[in-house]
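*Asks:* Encoded as structure tokens, here's the structure I'll be asking about.
Nothing in this text is a laboratory measurement; each read-out follows from the coordinates by a stated rule. Here the structure is a predicted model, which means the values were calculated and not measured. So basically every Cβ, Gly included, is an ideal-geometry build from the backbone, and we count neighbours across all protein chains shown.
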Amino acid sequence: MTTQLMLVLPSLLRAGAENQVVDLANRIDPARFGVRLFTFEPQLDQVSRIDASRVQHLHAMREKRLDLGPARRLAQAIDEYEIDVVHCTLQIALLMGWLAIRLSRRKPRLVVAIHTTINRNAKAEWLDRLLYQWLMRQCARIVFVCDAQRAHWEAKYPFIAKRAITVHNGIDVGRFDPLAARAAGLELRQQLGLPEDALVVAHIAAFRPEKAHQLVLDAIEKVVASMPNLVVLFAGDGNLRAAITAQAAQRGLSTHLRFLGNLPDVRPVLGAADFSLLPSVAVETFSLAMLESLALEVPMIASDLGGVREAVLDGETGLVVPPRDLAALVQAMLALGADASLRKRMGQRGRALVLERYSVDTMVRKTEAAIEASLA
């Protein structure tokens, strides 16, 4: 018997949680699941990625914060399509799914996938305490994207342990061929006018405070004294980009930086890189950028946040440093920059790890199991 599944997601922004849900919707076994995807925010950047032959996309845009219209539309869809499981990604989607179930005649099981660990601000923390933890108590399963995140939430709310499961984020490894990426990376190096002996580092992140572009500038200033051939590629955009660009110029670092903006495909950037950086100071849970770097045999230096240590195995697939620790970041950059053979070994081990544990197919199969377990 086919399980009727409703995936609930706020929007289709090009971001980690949204990527995972679209991949899940497109790849879940159609012989076992009938799939609908419901969204309620205006951003539909990834709508073209949805496989319409397998997934029915329903959209009811929320006009204001307390608009119950989308919840009523979702409730109608739950009854119309005889939905068995409502799977919500992110806390606001959980609220929408819970409201819809309350409004529907049919009472499907509720599952939530959480993608945050430490909240961005006090408001989000209070929302968890006053609202979302109580909604999570109504869930048959609570899905976390790495073991460290799961442990963090279980320590805060012990009731979670009985219904928690870890389903690591996964990527389509077939899209990340190291040889093809290196060829594209060589072309990018030439387009950027980089010398052949340039030591290229990739930093792929939006220009937001938690992504630590300021810290990277500080590290570059110290590293170039020993490695004058260093060039860091910043891929991404955001409110802080202009300030970081201006500061780099003021400090005489512009020749060591390239600002590439938002890119539809970051594989050439990683293909051009000798290693990559994820020096975040907050928020990170289980980064897709991290998995993509490792899949392309590009070792990574990452801050010890969230589930970083579950993929960046310190000394094996990259180096792990304490958040905000400039001296440790500089030391790690010097160590990787000076040893090409170490980078090669780490890169090969990183790809093997992603193939073994963190493919999108593994993510889908584990999610299918969690959905089926919610019906038991």
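*Asks:* Ranking Trp98, Trp153, Trp126 by Cβ neighbours within 10 Å, fewest first, what do you get?
*Replies:* The fewest-first ordering by Cβ neighbours comes to Trp126, Trp153, Trp98.
*Asks:* Let me ask something else. Would you mind computing, in nm to one decimal, how far apart the modelled labels at Leu44 and Ala161 are, each placed 7 Å from Cα along Cα→Cβ?
*Replies:* With each label placed 7 Å out from Cα toward Cβ, I get 4.5 nm.
*Asks:* Let me ask something else about it. Check Ser280: other-chain or 5+ apart residues with amide H under 5 Å from its amide H, H built from backbone geometry?
*Replies:* Amide H neighbours of Ser280: Ser303.
*Asks:* Using only the alpha-carbon atoms, how far is helix 326-337 inclined from the longest principal axis of the chain? Give it as 0 to 90 degrees, nearest 10.
*Replies:* The angle comes out near 70 degrees.
*Asks:* Rounded to the nearest Å, what's the spacing between the alpha carbon centres of region 221-281 and region 196-213? Just the number, please.
*Replies:* Between the Cα centres of region 221-281 and region 196-213 lies a distance of 4 Å.
*Asks:* What's the percent breakdown of Cα-Cα distances in region 256-376 across 10 Å bins, shortest bin first?
*Replies:* Spelled out per bin, shortest first, that is 13, 40, 33, 10, 4, 0.
*Asks:* Shifting gears a bit: Magnitude of the Cβ-charge dipole of the chain, K/R +1 and D/E -1, about the Cα centre, nearest 20 debye?
*Replies:* Rounded to the nearest 20 debye, it is 1120 debye.
*Asks:* Please determine, in degrees from 0 to 90 and to the nearest 10, the orientation of helix 16-27 with respect to the longest principal axis defined by the Cα atoms of the chain, where the helix direction is its Cα long axis.
*Replies:* Roughly 60 degrees between the two axes.
*Asks:* Using Cα centres only, tell me the gap between region 78-146 and region 316-376 in whole Å.
*Replies:* The distance from the Cα centre of region 78-146 to that of region 316-376 comes to 28 Å.
*Asks:* Aspartates and glutamates near Lys162 by alpha-carbon distance under 20 Å, same-chain residues fewer than 8 away left out - which ones?
*Replies:* Correct list for Lys162: Asp128, Asp147, Glu154, Glu368, Glu372.
*Asks:* Can you show me the helix-derived [θ] at 222 nm for the chain, built from DSSP H runs with n ≥ 4 at -39,500 (n - 2.57) apiece and divided by the number of residues, rounded to the nearest 500.
*Replies:* Rounded to the nearest 500, the figure is -12000 deg cm²/dmol.
*Asks:* Follow-up question, since we're still on this one. Among bridges DSSP assigns within region 173-357, what percent are antiparallel (round to 5)?
*Replies:* Rounded to the nearest five, the antiparallel share is 0 percent.
*Asks:* Given Cα pairs under 8 Å that are at least 6 residues apart, what percent is the relative contact order of region 173-357?
*Replies:* The value is 24 percent.
*Asks:* If you build the convex hull over the alpha carbons only and average its shadow over all orientations, what do you get for region 293-361? Give it in nm² to one decimal.
*Replies:* If I average the Cα hull's projected area over directions, I get 4.4 nm².
*Asks:* For semi-axes √(5λ) of the Cα gyration tensor in Å, which listed value, [x] 34, 24, 19; [y] 27, 23, 21; [z] 39, 21, 19, comes from the coordinates shown?
*Replies:* Structure-derived value, by its label: [z].
*Asks:* For Asp29 and Asp304, what is the calculated FRET efficiency with R₀ set at 41 Å and r taken between the beta-carbons, to the nearest 0.05?
*Replies:* Approximately 0.65, to the nearest 0.05.
*Asks:* Under a Cβ-only charge scheme (Lys and Arg +1, Asp and Glu -1), can you give me the dipole magnitude of region 271-356 about the Cα centre, in debye to the nearest 20?
*Replies:* Dipole about the Cα centre, nearest 20: 160 debye.
*Asks:* Then there is this: Just the Cα atoms of region 228-307: what Rg and Dmax do they give in Å?
*Replies:* According to the Cα coordinates of region 228-307, Rg and Dmax are 13.4, 36 Å.
*Asks:* Specify the angular offset, from 0 to 90 degrees and rounded to the nearest 10, of the alpha carbon long axis of helix 241-250 from the longest principal axis of the alpha carbons in the chain.
*Replies:* Orientation of helix 241-250: about 10 degrees from the principal axis.
*Asks:* Report, to two decimal places, the Cα Rg of region 173-357 normalised by 2.2 N^0.38 Å (N = number of residues).
*Replies:* Output field value: 0.93.
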